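The values are calculated or read from the model by the stated rules, or taken from the named source; none is laboratory data. What you see is a predicted model, and the numbers here were worked out from it, not measured in a lab. Neighbour counts are summed over all protein chains in view; Cβ atoms, including those assigned to glycine, are modelled from backbone coordinates with ideal geometry. These area figures cover heavy atoms from the full protein model, side chains too; ligands, DNA and RNA do not enter into them. Shrake-Rupley method; radii C 1.70, N 1.55, O 1.52, S 1.80 Å.
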Amino acid sequence: MNAAPADQIRLLDVQDLDTRLSQLAHKRRSLPEHEEIQTLEADLSQLRDLLVAAQTEESDTAREQTKAEQDVDQVRQRAARDQQRLDSGMVTNPKDLESLQSEIASLAKRQSDLEDVVLEVMERRESAQERAAELTERVESVQQRTAEAEGRRDLALESIDHEVRMATKEREVVAGALPADLLKLYEKIREQQGGVGAAKLFQRRCEGCRLELNITEVNDVREAAEDAVLRCENCRRILVRTPESGL
């Protein structure tokens, strides 16, 4: 294949732009904010699960406290009624009197035990409330940090995308001026060679594979026509000659 030396030089400009676009794509994927946001979202998910558990415990203990207080109230009312009967003097039978006094004592013990249960439940409820409040604050904090990270990420992406648009437009202009067959060959090689389809020959070294040409290869390049499209014998990329080729 043949192509004007100027077109081959312009092919290096296309390669530089393609390299820049690849670098921008990598930069876009590798923004530190991506990993930061992912970590924060994982933390946020875990905190939300813990918060739901704490809120559920708070709700459960609230119902448990209500039930325990109702039990205390029922025992208290029954003890009050029994005490009222005892104080009224209506119970005169010694056996019935002893039984009533025994029941009042038993109810007092039962009320004391139930009040202890209420206190224990109240402590668990307060602990759950404190835990829920703490987790709520932590969730809000992580949400704020996530929003800040997303803001930084969006600004960085906006800047990168602007560079991509500019480089893409420039590439369209430069590539559009190249012969179609030269560009097609370049694209094919670039796909095969990890994004690099054309390389400069600099001081007798291929800038694609970084290997220096041997004397036979140097002589072949010297003898080739100026418009001949050369290929590196090592990496098979298009080898572009410039005044810095060292020939």
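Looking only at segment 62-109, which residues are open to solvent by 70 Å² or more (accessible area, probe 1.4 Å) and part of a loop (DSSP other than H, G, I, E, B)?
Matches in segment 62-109: M90, T92, N93.
Give me the pairs, please: first residue somewhere in segment 136-154 and within 28 Å of E58 (Cα to Cα), second residue anywhere and acidic (D, E), beta-carbon distance under 8 Å, and either six or more positions apart or on two chains.
From segment 136-154, the pairs are V142/D43; T146/E41.
I'm told A3 meets every condition in (1) surrounded by 14 or more Cβ atoms within 10 Å (Cβ to Cβ); (2) under 29 Å from the mean Cα position of the chain (by Cα); (3) among the aliphatic types (A, V, I, L, M) except one. Can you identify the failing condition by its number?
Exception for A3: condition (2).
What's the number of the only condition in (1) modelled with pLDDT under 95; (2) hydrophobic (A, V, I, L, M, F, W, C); (3) open to solvent by less than 50 Å² (accessible area, probe 1.4 Å) that L51 fails to meet?
Of the numbered conditions (1) modelled with pLDDT under 95; (2) hydrophobic (A, V, I, L, M, F, W, C); (3) open to solvent by less than 50 Å² (accessible area, probe 1.4 Å), the odd one out for L51 is (1).
Consider segment 202-219. How many of its residues are open to solvent by less than 90 Å² (accessible area, probe 1.4 Å), touching a strand residue (DSSP E or B) at 6+ places or on another chain (Cβ under 7 Å) and assigned to a strand (DSSP E or B)?
Total meeting the criteria: 2.
So if I check each of R165, R152, R222, which one is in a helix (DSSP H, G or I), in contact with an Asp or Glu (Cβ under 7 Å, 6 or more places away or on another chain) and surrounded by fewer than 16 Cβ atoms within 10 Å (Cβ to Cβ)?
R152 is the lone residue from the list that is in a helix (DSSP H, G or I), in contact with an Asp or Glu (Cβ under 7 Å, 6 or more places away or on another chain) and surrounded by fewer than 16 Cβ atoms within 10 Å (Cβ to Cβ).
Is it true that some residue in segment 20-35 is among the aliphatic types (A, V, I, L, M), surrounded by fewer than 14 Cβ atoms within 10 Å (Cβ to Cβ) and assigned to a helix (DSSP H, G or I)?
Looking through segment 20-35, at least one residue is among the aliphatic types (A, V, I, L, M), surrounded by fewer than 14 Cβ atoms within 10 Å (Cβ to Cβ) and assigned to a helix (DSSP H, G or I).
In this structure, does E244 turn out to be acidic (D, E) and either in contact (Cβ under 8 Å) with a residue 40 or more places away in the chain or open to solvent by 80 Å² or more (accessible area, probe 1.4 Å) (or both)?
yes
T56 - would you say it is of a type in the set (V, I, T), in a helix (DSSP H, G or I) and open to solvent by less than 40 Å² (accessible area, probe 1.4 Å)?
no
Is one or more of the residues making up segment 70-91 under 30 Å from E35 (Cα atoms), out of contact with any helix residue (DSSP H, G or I) (no Cβ under 6 Å at 6 or more places or on another chain) and charged (D, E, K, R)?
no
So is V196 at pLDDT 95 or above, β-branched (V, I, T), closer than 11 Å to Q15 by Cβ and out of contact with any strand residue (DSSP E or B) (no Cβ under 9 Å at 6 or more places or on another chain) or not?
Against the criterion (at pLDDT 95 or above, β-branched (V, I, T), closer than 11 Å to Q15 by Cβ and out of contact with any strand residue (DSSP E or B) (no Cβ under 9 Å at 6 or more places or on another chain)), V196 qualifies.
A68 is checked against (1) more than 15 Å from A132 (Cβ to Cβ); (2) within 25 Å of the chain's Cα centre (by Cα); (3) not basic (K, R) and fails just one. What number does that condition carry?
Checking A68 against (1) more than 15 Å from A132 (Cβ to Cβ); (2) within 25 Å of the chain's Cα centre (by Cα); (3) not basic (K, R), the one that fails is (2).
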